[in-house]
Amino acid sequence: MNERGYADGEIFLYGGKPYALASGAAREGSPKVEASDGRIIVRVPSQERRKFLIYWYASETEKIARELVPRWSKKLGVRPRSVAVKFARTRWGSCSSSGGIFFNCRMSMLSEDVAQYIVVHELCHLKHMNHGPLFWDEVRRALPDAMPLRRSLREQERDARL
């Protein structure tokens with residue numbers, strides 16, 4: 001896997017779509033990072049780009065989680081004890097035996113349907129703390145297209161890196 005340079009023009013995913021990284025002039029009160037017109041505009045010195053992009057993606061993932069977790073928790077009849085967003089190199093999410101769920105900040109890089117699959121996947125672990133047949137039955141009951149979405153996740157994750 002190639003290392004990122006965080007240079008203008010480098011492509012980053014956001015919502016499953018490619019965006020070109022671009023410098024923006026720092027203005028008082030303006031966001032440090034924002035997506036607009038097919039670009040992710042970063043208004044920080046180049047040596048701080050990675051840090052601010054991680055923070056921005058985490059913030060965008062929190063928005064997704066705030067929307068999807070309550071909706072799917074109700075549908076599945078589960079209630080996570082806590083929900084958190086963090087940076088992880090490999091895992092898209094996890095569910096602890098105490099009911100805490102975490103999502104990878106890079107989840108906002110993925111398409112909406114794939115992000116939804118991750119949320120449902122982790123919430124189903126509140127019923128089945130393994131990847132056995134009962135777990136997968138639960139996931140497929142909630143999302144009949146779960147297996148194609150799982151394949152889409154594997155395709156998108158190659159480009160969903162920071």
Q. Tally time: how many residues in the range 1-32 are in contact with a strand residue (DSSP E or B) (Cβ under 6 Å, 6 or more places away or on another chain) and modelled with pLDDT under 95?
A. 1
Q) Checking Ser46 against (1) more than 23 Å from Lys17 (Cβ to Cβ); (2) of a type in the set (Ser, Thr, Tyr); (3) at pLDDT 95 or above, which test does it fail? A) (3)
Q) Any chance the range 55-66 includes a residue that's acidic (Asp, Glu), in contact with a strand residue (DSSP E or B) (Cβ under 6 Å, 6 or more places away or on another chain) and more than 30 Å from Arg140 (Cβ to Cβ)? A) no
Q. Do we have any residue at all in the range 89-99 that's basic (Lys, Arg) and either surrounded by 18 or more Cβ atoms within 10 Å (Cβ to Cβ) or closer than 30 Å to Val33 by Cβ (or both)?
A. yes
Q: Count, please, the residues in the range 113-152 that happen to be of a type in the set (Asp, Glu), surrounded by 16 or more Cβ atoms within 10 Å (Cβ to Cβ) and in contact with a helix residue (DSSP H, G or I) (Cβ under 8 Å, 6 or more places away or on another chain).
A: 1
Q) Given the range 51-162, what strands (runs of 3 or more DSSP E) lie entirely inside it while holding 1 or more residues that are within 10 Å of the chain's Cα centre (by Cα) and among the aliphatic types (A, V, I, L, M)? A) 82-86
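The values are calculated or read from the model by the stated rules, or taken from the named source; none is laboratory data. Computed from a predicted model, the values in this text were never measured in an experiment. All Cβ positions, glycine included, derive from the backbone under ideal geometry; neighbour counts span all protein chains shown.
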